[in-house]
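The next block holds one structure in the form of structure tokens; read it before the comments.
The values are calculated or read from the model by the stated rules, or taken from the named source; none is laboratory data. Note that this is a predicted model, so its numbers are computed, not measured. Positions of Cβ are generated from backbone atoms using ideal geometry, with glycine treated the same way; all protein chains shown enter the neighbour counts. For the accessible areas, the whole protein counts, side chains as well, though only heavy atoms, and no ligand, DNA or RNA atoms are used. Shrake-Rupley method; radii C 1.70, N 1.55, O 1.52, S 1.80 Å.
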Amino acid sequence: HVGKKDSQVYHQVNVQGTQNLLNAVRMKNLIFMSTAKVYKQEGKPIDETSPLEPLDDYAKTKLEAEYICRKYFTGDHLIILRSVNVVGIGQPDKAILPVLFNQAFHNEPLDIFAPKKSFVQFLYVEDVIRTFELFMDHPNLDGIFNLSSVQKIRLDELAFKIIQLCQSKSTIHFSNLTEAPFSEIRSDKIQKKLGWVAQTPINDILKIYHQSVNVPR
């Protein structure tokens with residue numbers, strides 16, 4: 001759960017850290033990693049022109065950092081990337097995939113607090129790295145670009161797949177049965193400009209996590 005301490009850290013890193021960097025370094029091109037959570041969730045597809053309404057402290061500080069980039073950046077080209085959930089080995093243990101895999105490997109109940117029928121989009125970290133390489137090869141581009149996978153998965157399906165992969169005896173507990181409108185993040189713009197599409201499907205991501213988690217002995 002995000003608490004007051006986390007909120008302060010988000011501001012120190014995302015807002016103050018971004019401003020410190022821009023004050024200290026004069027650069028010609030800048031790629032700023034934001035989040036798709038800055039968009040308003042209206043239950044319809046989201047592109048780069050969609051309305052903004054960040055709800056949590058993390059997203060709010062990312063949007064504030066975007067504004068700082070636009071205000072303080074004095075170079076020629078500014079790229080702002082708004083990404084869905086970036087996943088990969090080494091991410092914090094509190095992230096959804098490490099949590100669920102660890103619970104499944106230990107045959108513990110999978111406790112899911114988000115709405116049971118809500119959807120998530122995952123983007124593998126190596127697909128993100130490829131965007132940096134592409135933008136460095138096209139230094140004249142600027143603007144806002146969404147990053148997302150064309151795939152989505154419902155939370156109950158995700159939990160079931162993880163239990164199957166781990167051959168786990170875990171049960172799944174959903175404490176939130178409310179309806180959750182899904183706003184799909186579209187990345188048509190970067191595909192059109194650079195030919196980029198996410199190349200790592202959900203099933204491959206889950207297999208990578210499965211292989212990385214230590215089986216208890």
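Quick one: count up the residues across the stretch 135-173 that are open to solvent by 20 Å² or more (accessible area, probe 1.4 Å), assigned to a strand (DSSP E or B) and within 22 Å of K37 (Cβ to Cβ).
3
Contact list please: Cβ distance under 8 Å, first residue in the stretch 53-81 and in contact (Cβ under 8 Å) with a residue 60 or more places away in the chain and farther than 15 Å from N23 by Cβ, second residue charged (D, E, K, R) and surrounded by fewer than 20 Cβ atoms within 10 Å (Cβ to Cβ), pairs at least six apart or on different chains.
Every condition considered, the pairs that remain are D76/K28; D76/D142; H77/K28; H77/D142; L78/R70; L78/D142; I79/D142.
Looking only at the stretch 33-53, how many residues end up being open to solvent by less than 30 Å² (accessible area, probe 1.4 Å) and within 18 Å of V86 (Cα to Cα)?
6
For residues that are more than 28 Å from K117 (Cβ to Cβ) and open to solvent by 20 Å² or more (accessible area, probe 1.4 Å), scanning just the stretch 54-67, find the one that is farthest from the chain's Cα centre (by Cα).
Y67
Conditions (1) within 26 Å of F122 (Cα to Cα); (2) touching a strand residue (DSSP E or B) at 6+ places or on another chain (Cβ under 8 Å); (3) of a type in the set (D, E), marked per residue:
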residue: V15; (1), (2), (3): yes, no, no
residue: T18; (1), (2), (3): yes, yes, no
residue: L30; (1), (2), (3): yes, yes, no
residue: D76; (1), (2), (3): no, yes, yes
residue: V87; (1), (2), (3): yes, yes, no
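Consider only pairs whose beta carbons are under 8 Å apart and that are at least six residues apart or on different chains; among these, list those whose first residue lies in the stretch 192-206 and is over 23 Å from F135 (Cβ atoms) and of a type in the set (S, T, N, Q) and whose second residue is open to solvent by 30 Å² or more (accessible area, probe 1.4 Å) and in a helix (DSSP H, G or I).
Within 8 Å, the pairs are N203/K161.
Provide a single number: the residues in the stretch 175-217 that are open to solvent by 60 Å² or more (accessible area, probe 1.4 Å) and within 17 Å of I144 (Cβ to Cβ).
Within the stretch 175-217, residues that are open to solvent by 60 Å² or more (accessible area, probe 1.4 Å) and within 17 Å of I144 (Cβ to Cβ) number 6.
Starting from the stretch 7-23, keep only residues that are more than 23 Å from T74 (Cβ to Cβ), then list their pairs with residues that are part of a helix (DSSP H, G or I) whose Cβ atoms are within a distance under 7 Å, requiring at least 6 positions of separation or different chains.
Listed pairs, sorted by first residue: S7/D57; Y10/D57; Y10/Y58; Y10/T61; H11/T61.
Mind checking which residues of the stretch 1-32 are under 24 Å from K94 (Cβ atoms), assigned to a loop (DSSP other than H, G, I, E, B) and open to solvent by 70 Å² or more (accessible area, probe 1.4 Å)?
Once the filter is applied, which keeps residues that are under 24 Å from K94 (Cβ atoms), assigned to a loop (DSSP other than H, G, I, E, B) and open to solvent by 70 Å² or more (accessible area, probe 1.4 Å), the stretch 1-32 yields H1, V2.
Looking at the stretch 33-125, what strands (runs of 3 or more DSSP E) fall wholly within it and have at least 3 residues that are in contact with a helix residue (DSSP H, G or I) (Cβ under 7 Å, 6 or more places away or on another chain)?
The qualifying strands (runs of 3 or more DSSP E) are 77-83.
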